[in-house]
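Following: one structure in structure tokens, then a few remarks.
The values are calculated or read from the model by the stated rules, or taken from the named source; none is laboratory data. What you see is a predicted model, and the numbers here were worked out from it, not measured in a lab. Cβ: placed from backbone, ideal geometry, glycine included. Neighbour counts: every protein chain shown.
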Amino acid sequence: MGAEYVAPHQSRVIHAIDDLVAYVNREDIPVLEQAAIAHAQFETIHPFTDGNGRTGRALIHSMLKAKGLTRNVTVPVSSGLLGQPDVYHRALTSFRAGSPDDMIELTADAAFRAIANGRHLVLEIRQIRVDWWQSVTARADSATWRIADLLLRQPVLNTAVLYSELGNTANHASRYMDQLRAGGAVTSFTVHRRGLHWKSDAVLDALDAFAARSSRRQFPTALS
């Protein structure tokens, strides 16, 4: 008693999901609008006993990627929705009452804020690489810079990763890592039974800040 929303009876779930899949497969609707409505409809069907929220948010990203609105990265649109829980639940309630406008507007706003956040991260990562170029002493053609670029994509490395990425060049990994460590690009640490690892605190901090901004209620849509 007292529930704000009661999902459809289990006997209606299969038909509702089939209808949702048919809607998702349509090609005559603007993608962001379609993803917003599909997400809201999935949350309304609520087919699972647990994990509906995570699955519904994943649906947004899957649709944006599958339909070509995003290509190489996952824009954290769903995190923007979670950053405004009260507004999100009101939009979902309005959708269930037959008005999708609030959910579409909220999703679009979250998308634009996610794009601004992603651009902010790109600028930070590029600046980190510039800082390393100025602080690390190594020849321009040294494998040290290949490892530096690898750290931008994968900020925690071990010897196995270096061998996988660099092949025989990794035979001198300790020398390259010493150069990066001397320049402040990495620090080393030992993982029990897994040996020596290296990490870039600068890249990890940038990613942590990116994650924090993703769930922040307000984030500028234009970079200062």
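Here the condition is being of a type outside the set (Ser, Thr, Tyr), surrounded by fewer than 16 Cβ atoms within 10 Å (Cβ to Cβ), more than 18 Å from PHE210 (Cβ to Cβ) and under 12 Å from the mean Cα position of the chain (by Cα); of ALA58, ALA66, it holds for ALA58 alone. Condition test on ALA140, is it outside the structural domain of ALA35 (by TED's automatic domain parsing), farther than 30 Å from PHE42 by Cβ and assigned to a loop (DSSP other than H, G, I, E, B)? In short, yes. The residues of region 59-113 that are modelled with pLDDT under 90 and of a type in the set (S, T, N, Q), listed by number, are THR70, ASN72, THR74, SER78, SER79, GLN84. For region 171-193, taking the residues that are more than 13 Å from SER135 (Cα to Cα) and of a type in the set (A, V, I, L, M, F, W, C), the one that is modelled with the highest pLDDT is identified as MET177. Number of residues in region 94-103 that are surrounded by fewer than 16 Cβ atoms within 10 Å (Cβ to Cβ), part of a helix (DSSP H, G or I) and among the aliphatic types (A, V, I, L, M) equals 0.
Can you tell me how many residues in region 40-66 are assigned to a loop (DSSP other than H, G, I, E, B) and among the small types (Gly, Ala, Ser)? Spell out how you get there, then give the answer.
To start, the set of residues in region 40-66 that are assigned to a loop (DSSP other than H, G, I, E, B) comprises 46-51.
In the following step, the residues that additionally are among the small types (Gly, Ala, Ser) were identified as 51.
Adding up the residues that qualify gives 1.
Among all residues of region 172-187, there is none that is among the hydroxyl-bearing types (Ser, Thr, Tyr), surrounded by 13 or more Cβ atoms within 10 Å (Cβ to Cβ) and within 21 Å of the chain's Cα centre (by Cα).
What do you reckon, is LEU106 among the hydrophobic types (A, V, I, L, M, F, W, C), assigned to a loop (DSSP other than H, G, I, E, B) and within 24 Å of ALA211 (Cα to Cα)? Working first, answer last.
On the way: among the hydrophobic types (A, V, I, L, M, F, W, C): yes; assigned to a loop (DSSP other than H, G, I, E, B): no; within 24 Å of ALA211 (Cα to Cα): yes.
Considered against the rule, which asks whether it is among the hydrophobic types (A, V, I, L, M, F, W, C), assigned to a loop (DSSP other than H, G, I, E, B) and within 24 Å of ALA211 (Cα to Cα), LEU106 comes out as no.
Is it fair to say ALA36 is surrounded by 18 or more Cβ atoms within 10 Å (Cβ to Cβ) and in contact (Cβ under 8 Å) with a residue 12 or more places away in the chain? Yes. Residues that are surrounded by fewer than 15 Cβ atoms within 10 Å (Cβ to Cβ) and either assigned by TED's automatic domain parsing to the domain that holds GLN154 or small (Gly, Ala, Ser) (or both) do not occur anywhere in region 75-93. The set of residues from region 67-93 being of a type in the set (Ser, Thr, Tyr), part of a helix (DSSP H, G or I) and within 19 Å of PRO30 (Cα to Cα) comprises just one member, SER78.
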